[in-house]
Amino acid sequence: MSIYLHMRAVAESEIRDDHTWLAGFMFESWENLPDECAAGIAEAINKAWYCLNDLYAAVRVLDADADDSWELPIYGGRSPALSADADPNDPPLGILEPAGVSQAAGFLARVSFDELWKVAGAEISWSRGDGEQVRQEFLGYHRDLQGFYGRAAAAGHAVVKKWA
């Protein structure tokens, strides 16, 4: 079974603050994922998002005065409102509003992947396998998120997230 973090950039005015509506929106986005990724409006990370969050948390070791922007790319955002007809089996959803998207983009643009990897890479590699292969995998995720959040921030979009 695969577990993904699926993210979709969208104009905030197009989002309904309703879990059931967002679940349908993200299902449709998932159905169109290759096209949406090619268009730069969606990203999906398979099983590794929690380790990527751990990598970003390493910024606290590098900079004791770092703000909490490192939390935004993976887990940042708020939960949508639950409607009476919400399916309790639907996956967790989140909405990162445009200001948070801009903060996430800023963090990803200024953080040094290599410095983070020096702090947290050994633990991530140990849990996932071959060190250099894992490093390249996470560098790819990081670059993909830099581009995704950068485009979303430039467009003034929010990001809807689904963990499933």
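Only the coordinates and a few stated rules stand behind these numbers; no lab work does. These numbers come from a predicted model, not from an experiment. Cβ sites come from the backbone with ideal geometry, for glycine too, and all protein chains shown count toward neighbours.
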Whole-Hz couplings from phi, Karplus 6.51/-1.76/1.60, listed for segment 51-67; x for Gly and Pro: 5, 5, 4, 4, 4, 5, 5, 4, 4, 5, 6, 6, 9, 4, 9, 4, 7
Relative packing of peptides 74-84, 29-39 - highest average C-beta neighbours within 10 Å first: 74-84, 29-39
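For the pair Arg128 and Ser13, what calculated FRET efficiency results from E = 1/(1 + (r/R0)^6), where r is the Cβ-Cβ distance and R0 = 30 Å, to the nearest 0.05?
0.15
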Scaled radius of gyration (Cα, divided by 2.2 N^0.38 Å) that segment 4-163 gives: 1.04
Arg60-Glu31 FRET efficiency (beta carbon distance; Förster radius 35 Å; 0.05 resolution): 0.40
Candidate aspartates and glutamates for bridging to Lys161, where Cα separation is under 12 Å - those fewer than 8 sequence places away on the same chain excluded: Glu43, Glu97
Three semi-axes of the equivalent ellipsoid, segment 97-164, Cα gyration tensor, whole Å, largest first: 26, 13, 9
